[in-house]
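Asks: First the structure, then my questions, so here it is.
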Amino acid sequence: MTEPTSAPGKGNPLKRAVPAGRSARAAAGFAAAALALFALAPLALSDFRLGLLAKYLCTAMVAVGICLAWGRGGLLTLGQGVFFGLGGYAMAMHLKIADAGPGNLPDFMQLYGTATELPWWWRPFANPLFTIAATVLLPMAVAAVLGSFVFRRRVRGAYFAILSQALAAALAIWLIGQQATTGGTNGLTDIRGFFGYDLDDPVNQRMVYFVIAAALLLLVALARQLIHSRYGELLVAVRDSEERVRFLGYDPANVKLVAYVVAAGMAGLAGALFVPAVGIISPAMIGIVPSIEFVIGAAVGGRASLAGAVLGAIGVAWARTALSEEFPGAWTYFQGLLFIVALAFLPGGLASLAGVVKRRRTARPTGEPAPALPLGEAA
Amino acid sequence: MTELSGLRVRGLRVSFDGFTAVDGVDLDVRPGDLRFLIGPNGAGKTTLVDAVTGLVRASGSVRFEGTELLGRSVHRIARSGIGRTFQTATVFEELTVLQNLDIAAGAARGPLTMLRRRRSVPEPVARALETIGLTERSGSPAGTLAHGQKQWLEIGMLLVQDVRLLLLDEPVAGMSHDERQATGELLRRISAERTVVVIEHDMDFMRSFARSVSVLHAGRVLSEGTVAEVQSDPRVQEVYLGHAAVQDAGPTAAGPHPEHAGGAHAGSAVQEV
């Protein structure tokens with residue numbers, strides 16, 4: 001301990017406040033990701049595989065939001081399927097209306113429904129601009145209402161996770177029950193066009209892939225800015241000691257709300273772009289199980305690290321396809337195991353592996369205990 | 001004007017499930033004072049601070065600079081210029097020293113500032129780093145600081161928070177003699193323009209730095225005054241001799257002198273609540 005009025009040190013250490021190498025490394029990583037997504041993947045992958053990658057990238061977009069809300073904010077968002085679904089259904093409703101053409105009802109409504117015209121809550125989605133805005137703003141608005149209620153009442157931890165799960169279940173069950181207007185269990189299927197482009201054309205499928213890749217990079221850049229801003233520092237502080245933050249004059253509910261709402265918007269955009277990539281959105285893609293799957297990818301890769309969460313989400317989604325092709329049925333168990341192993345033995349995910357190994361090595365000779373896992377290191 | 005400034009507590013009462021931890025406390029602390037709250041375990045010292053800062057519900061009246069605090073939420077009370085520390089130093093372990101201080105300094109920042117990166121070190125933060133002697137450690141995670149340094153960081157956070165009333169719960173527990181000396185001098189300087197209330201068990205520290213003392217016992221103010229006045233109060237002697245200082249009946253029989261080891265007194269029911 002130094003004296004309170006110690007002389008300032010040489011070579012002002014405050015100048016070292018922002019590590020110089022960090023931005024350079026981030027820029028290099030960003031360039032590499034752009035190169036892989038826009039040049040390597042389209043050259044190396046068949047149209048079918050590229051379509052699958054597009055689907056994985058949508059999962060990764062949800063993971064970006066989870067990285068922010070869970071990794072940085074400590075909010076175990078086990079209900080991102082809700083926001084993914086809101087975005088997805090909003091987009092699918094517009095595309096179904098557009099597919100049907102002016103004056104016609106979407107195919108499934110003619111099949112199951114008795115209605116002769118569009119339900120009132122479908123009508124605004126005939127407008128493409130409204131739809132695009134709604135895919136992001138609708139999930140954000142729902143998250144804002146829900147979050148302000150939940151966080152002000154200081155619901156947190158497992159209770160927050162259970163509440164999120166219940167909400168995902170509720171939305172899926174509601175959608176199933178409204179077969180005449182939502183397609184029920186089948187969901188909204190056979191989507192053929194995307195703002196005038198025919199989705200059966202491989203060229204247009206590629207275009208959708210590029211849109212998704214660009215959106216993912218955009219979300220990563222946005223999340224990175226948030227994480228390294230003052231707000232990002234405050235968010236970590238709230239995660240680690242909510243009460244202490246309160247005594248500094250902040251309302252932690254607002255701090256958490258921002259992360260939750262942003263994560264919801266990201267999930268909504270992911271859902272919206274998932275629809276043209278896959279051609280379908282159904283309750284099975286937004287309920288409890290998919291909500292958990294969104295989290296698993298981020299947990300395995302490293303929830304506090306953007307790169308970890310994104311690569312983890314892509315990796316787990318890819319493993320799911322690969323393994324369920326080989327061993328159908330075994331994947332569910334494997335996935336559960338993966339989640340447990342990651343949370344129990346490597347809470348920082350694969351992104352923290354290098355750091356853990358390094359610390360083990362350096363800690364051994366001196367016998368000093370390893371410092372707490374720096375969740376904020378890799379981003 | 002003097003009536004409006006400082007801390008003014010009237011008839012403060014805090015009960016938990018029928019147990020009254022603070023039982024009608026009246027307390028006045030003026031700006032420039034360095035008030036020590038002492039008393040045996042379970043006297044209600046920490047609960048009193050909890051009530052002033054909004055952590056526990058209380059009845060009565062707590063006014064600071066003329067504004068009633070009771071019934072306000074914790075962060076609003078903090079915003080009206082009141083800061084506290086805790087028995088166990090609570091800093092954001094994974095954030096750096098600099099980040100800890102920057103967050104403490106920022107409750108009034110607008111959304112645009114919050115969403116931008118910190119490009120430079122704010123002036124008050126740099127000054128606080130200097131004051132608490134942690135400039136060299138500004139880039140280290142707060143979790144790697146020594147125990148005493150964490151307590152210093154907490155005091156630094158109160159300084160940049162620019163509070164006008166500081167409530168410190170055992171700020172020198174576990175510190176070495178030199179560190180205590182340095183902390184006391186810092187508190188003395190701080191209290192020149194602010195109101196400082198310190199809960200402390202270390203009687204040597206109290207004797208060296210207190211400008212005034214309030215003795216709490218069983219949820220009430222037992223005695224109040226200068227160190228000498230309080231020490232010569234027979235009721236205070238009785239309370240202390242009846243509690244902890246039995247083995248301490250050495251040369252200091254004239255005054256209360258329970259030399260607790262730092263931190264060995266945190267187990268009372270009241271302080272745990």
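Asks: Within the range A:278-297, how many residues turn out to be of a type in the set (A, V, I, L, M, F, W, C), open to solvent by 30 Å² or more (accessible area, probe 1.4 Å) and either touching a Ser or Thr at 6+ places or on another chain (Cβ under 8 Å) or touching a residue at least 40 places away in the same chain (Cβ under 8 Å) (or both)?
Replies: Of the residues in that region, 6 qualify.
Asks: Which residue, of A:Thr114, A:Thr135, A:Thr77, is in a loop (DSSP other than H, G, I, E, B) and open to solvent by less than 20 Å² (accessible area, probe 1.4 Å)?
Replies: None of the other options fit; the residue is A:Thr77.
Asks: Here is a further query. Please determine, by comparing only the residues of the range A:217-232 that are of a type in the set (A, V, I, L, M) and more than 8 Å from chain B (Cβ to nearest Cβ), which one is most open to solvent (accessible area, probe 1.4 Å).
Replies: Step by step, filter the range A:217-232, then rank; the result is A:Leu218.
Asks: Ok, one more. Given the criteria at pLDDT 90 or above and open to solvent by 20 Å² or more (accessible area, probe 1.4 Å), does A:Phe130 qualify?
Replies: The answer is yes for A:Phe130.
Asks: Further, regarding this structure: Among A:Ser164, A:Ser241, which is the only one that is in contact with a Leu (Cβ under 8 Å, 6 or more places away or on another chain) and either open to solvent by less than 60 Å² (accessible area, probe 1.4 Å) or under 30 Å from B:Ser120 (Cβ atoms) (or both)?
Replies: None of the others qualify; the one that does is A:Ser164.
Asks: For A:Asp200, which of the numbered conditions (1) in contact with an Asp or Glu (Cβ under 9 Å, 6 or more places away or on another chain); (2) part of a loop (DSSP other than H, G, I, E, B); (3) without any contact (Cβ under 8 Å) to a residue 60 or more places away in the chain fails to hold?
Replies: That leaves (1) as the condition not met.
Asks: Of all residues in the range B:22-43, which are open to solvent by less than 10 Å² (accessible area, probe 1.4 Å) and either at pLDDT 90 or above or in contact with a Pro (Cβ under 6 Å, 6 or more places away or on another chain) (or both)?
Replies: B:Val22, B:Val25, B:Leu27, B:Val29, B:Leu34, B:Phe36, B:Leu37, B:Ile38
Asks: Would you mention how many residues in the range B:142-190 are at negative phi and touching a His at 6+ places or on another chain (Cβ under 6 Å)?
Replies: 0
Asks: Got a sec? Which of A:Leu323, A:Leu311, A:Leu346 is surrounded by fewer than 24 Cβ atoms within 10 Å (Cβ to Cβ), over 24 Å from A:Phe84 (Cα atoms) and either modelled with pLDDT of 90 or more or touching a helix residue (DSSP H, G or I) at 6+ places or on another chain (Cβ under 6 Å) (or both)?
Replies: Answer to the check: A:Leu323.
Asks: Now a separate question. Going residue by residue through the range B:7-19, is there one that turns out to be crowded, with 18+ Cβ neighbours inside 10 Å and part of a loop (DSSP other than H, G, I, E, B)?
Replies: No, there is no match, as no residue in the range B:7-19 is crowded, with 18+ Cβ neighbours inside 10 Å and part of a loop (DSSP other than H, G, I, E, B).
Asks: Might you let me know whether the range A:204-216 holds any residue that is assigned to a helix (DSSP H, G or I), within 20 Å of A:Trp70 (Cα to Cα) and within 9 Å of another protein chain (Cβ to nearest Cβ)?
Replies: Checked against the condition, which is being assigned to a helix (DSSP H, G or I), within 20 Å of A:Trp70 (Cα to Cα) and within 9 Å of another protein chain (Cβ to nearest Cβ), the range A:204-216 yields no hits at all.
Asks: Sticking with this structure for a sec: Take B:Arg189 and decide whether it is over 20 Å from B:Gly24 (Cβ atoms), within 14 Å of chain A (Cβ to nearest Cβ) and not β-branched (Val, Ile, Thr).
Replies: So B:Arg189 passes the test.
Asks: Since A:Val300 meets every condition but one in (1) surrounded by 17 or more Cβ atoms within 10 Å (Cβ to Cβ); (2) without any contact (Cβ under 8 Å) to a residue 12 or more places away in the chain, which condition does it not meet?
Replies: (2)
Asks: Among the helices (runs of 4 or more DSSP H) lying completely within the range A:233-302, list those that include at least 1 residues that are within 12 Å of chain B (Cβ to nearest Cβ) and more than 12 Å from the chain's Cα centre (by Cα).
Replies: Helices (runs of 4 or more DSSP H) meeting the threshold: A:242-247, A:252-278.
Asks: Say we look at the range B:64-78 and pick out the residues that are within 17 Å of the chain's Cα centre (by Cα) and either open to solvent by 60 Å² or more (accessible area, probe 1.4 Å) or of a type in the set (Val, Ile, Thr) (or both); which of these is farthest from the other protein chains (Cβ to nearest Cβ)?
Replies: Out of the qualifying residues, it is B:Ile77.
Asks: Of the residues that make up the range B:165-186, is at least one farther than 18 Å from B:Met206 by Cβ and more than 8 Å from chain A (Cβ to nearest Cβ)?
Replies: Within the range B:165-186, one or more residues are farther than 18 Å from B:Met206 by Cβ and more than 8 Å from chain A (Cβ to nearest Cβ).
Asks: Only one of A:Val261, A:Val255 is farther than 21 Å from A:Thr332 by Cβ, in contact with a Pro (Cβ under 9 Å, 6 or more places away or on another chain) and not basic (Lys, Arg); which?
Replies: None of the other options fit; the residue is A:Val261.
Asks: Would you tally the residues in the range A:201-215 being under 11 Å from A:Phe48 (Cα atoms) and either open to solvent by 60 Å² or more (accessible area, probe 1.4 Å) or in contact with a strand residue (DSSP E or B) (Cβ under 8 Å, 6 or more places away or on another chain) (or both)?
Replies: 2
Asks: If you take just the helices (runs of 4 or more DSSP H) that sit entirely in the range B:88-157, which of them hold at least 2 residues that are more than 7 Å from every other protein chain (Cβ to nearest Cβ), modelled with pLDDT under 90 and open to solvent by 20 Å² or more (accessible area, probe 1.4 Å)?
Replies: B:111-115
Asks: While we're here: From (1) open to solvent by 50 Å² or more (accessible area, probe 1.4 Å); (2) of a type in the set (A, V, I, L, M); (3) in contact with a strand residue (DSSP E or B) (Cβ under 6 Å, 6 or more places away or on another chain), pick out the condition that doesn't hold for A:Val275.
Replies: (1)
Asks: Counting just the residues of the range B:171-191 that are in contact (Cβ under 8 Å) with a residue 60 or more places away in the chain and over 15 Å from B:Lys150 (Cβ atoms), which one comes out surrounded by the fewest Cβ atoms within 10 Å (Cβ to Cβ)?
Replies: B:Arg188
The values are calculated or read from the model by the stated rules, or taken from the named source; none is laboratory data. This structure is a prediction, so every number in the text was calculated from the model and none was measured. With ideal geometry, Cβ positions are generated from the backbone for all residues, glycine too; neighbour counts draw on all protein chains shown. Just so you know, the surface numbers come from the protein's heavy atoms only, side chains and all, with ligands and any DNA or RNA stripped out. Shrake-Rupley method; radii C 1.70, N 1.55, O 1.52, S 1.80 Å.
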